[in-house]
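Note sheet for the following structure.
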Amino acid sequence: MAKKRVTMNKVREIIRLHEEMGLSYRKIARALRISHPIVSQDIAEVKAAGLGYADIKTLSDTKLLELLEKRRNETERYKKLSERFPYLAQELKKTGVNRLLLWEEYRKECSNGYSYSQFCYHLQVWLNAADVTMHLNHKAGDKAFVDFAGKKLSLVDLKTGEVRPVETFVAILGASQLTYVEAVESQKKENWIKANENALWYFGGVPAALVPDCLKSGVTKGDKYEPDINPEYSDFAQHYHTVILPARPHSAKDKALVENAVNLVYIRIYAPLRDRIFYSLEDLNQAIWELLEGHNKMNFQRLGKSRRQLFEEIEKPALKPLPLERYELRTFLNLKVQFNYHIELREDRHYYSVPWEYKGKRVQVLYTDRVVEIYHDHVRIAFHKRDRTPHKYTTLKRAHASPPSVLR
């Protein structure tokens, strides 16, 4: 069995409990909920490096790892394995690839290599010490995480000088962490869906699932097991042949990736723009996208590759193709047919007919900028060209007229 994963913070705590508290290995393992062999190995490695708690408590994770790795690098066996770490991390993001398979391939090339448990331990220590683990658990093409940033950017009215806040949409692919950012007017569903769509076209393909936080633009009811998806957002997903998997409420793991992306957006986009003034969304987004490219082309510290490189190598081939046409936003309403066999589209204060036999029944209305469709029992019963003239009727008399007994 693979050893329990540990971080540099946990290594420090192991040494503190051992040196300052005088706890036994077994009590340390119980207190930190890790295995006894890990406690023993970490203490031995720190001692072998000539270090104590006073030495390591203020060291950065990177420096501490370097000191520990220096000890391990004394053996040729570890050196050969460590050279494979970036490759192993990249392979783990591919569908069907796991640690056991990679270990078997490693042992074929290195017959005197580490056992499976040691292989997993050294690999995980390397992953935990860098910015690799965050996207390791996501397979290429599997998910894109989407959300609005908590902090806002702003526009200035050129005539009045009024400062107006705008929302920032962030989308990130799970495996490569390729990121898309766009400023939009509000969190209204039309802005939300359009930003989701722009992200897919930026990626050049469609992941198997979109994972939003439980904001009202995408999810009407946040529930751990059966969240309700807004019908407009669900319709958008059907157009792009993907599925909506809302982040589970109060689940940090479901939100960690996009929250980390948002924090990086604050550092790499918000901060450089902090002293600039923008008068339009177009100008603001142009500035955002220029900085975004720099972010996506910046190498991960230990992988030696950028988000853009990882995307091109492992994620882009795994995405589903985009449809031929972009999505046309449709609004969904549940209405009751009035006594005169018409429904009212209140947005326009206009009335549309349905066949007379549906009078008094509940129907679903779907409308776009161009057309109005009316369904009953999942069957379309009326189709109209949209008319925004208020207090007027659009009636298909021949198809929808009442029977003679009603007209008399």
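The helix-based estimate of mean residue ellipticity at 222 nm for the chain, built from -39,500 (n - 2.57) per DSSP H run of four or more residues and divided by its residue count, is -11000 deg cm²/dmol to the nearest 500. Length gained on full extension, T160 to E190: 8.1 nm, using 0.36 nm per residue less the C-alpha separation. Here the Debye sum runs over all C-alpha atoms of the range 331-407 as equal scatterers in vacuum, and log10 of I(q)/I(0) at q = 0.19, 0.23, 0.25, 0.27 Å⁻¹ comes out as -0.72, -1.06, -1.25, -1.44. Here each label is just a point 7 Å from Cα along the line to Cβ, and for N334 and T62 those points are 5.5 nm apart.
Descending by average beta-carbon neighbour count within 10 Å, the peptides 163-174, 24-35 line up as 163-174, 24-35, the highest first.
Compute the angle between helix 116-128 and the longest alpha-carbon principal axis of the chain, please, reported from 0 to 90 degrees and rounded to the nearest 10. Long axis of 116-128 versus the principal axis of the chain: about 70 degrees.
Taking the charge dipole of the chain about its Cα centre, with +1 at Lys and Arg Cβ atoms and -1 at Asp and Glu Cβ atoms, the residue from V265, Q286, I343 reaching farthest to the positive side is I343.
Principal axis extents of the Cα atoms in the range 8-130, from largest to smallest and rounded to whole angstrom, are 43, 27, 25. Over the chain, the reciprocal of the mean inverse Cα-Cα separation, the Kirkwood hydrodynamic radius, stands at 25.5 Å. Normalised Debye scattering of the range 143-318 at q = 0.14, 0.15, 0.19 Å⁻¹ gives log10 I(q)/I(0) of -0.76, -0.87, -1.31, counting only Cα atoms as equal scatterers and leaving out solvent. The label point for I267 and the one for S111, both projected 7 Å from the Cα toward the Cβ, are 4.6 nm apart.
No value in this document is a laboratory result; all are computed from the given coordinates. No experiment lies behind these values; they were computed from the predicted model shown. Please note: Cβ atoms are built from the backbone with ideal geometry, for glycine as well, and neighbour counts cover all protein chains shown.
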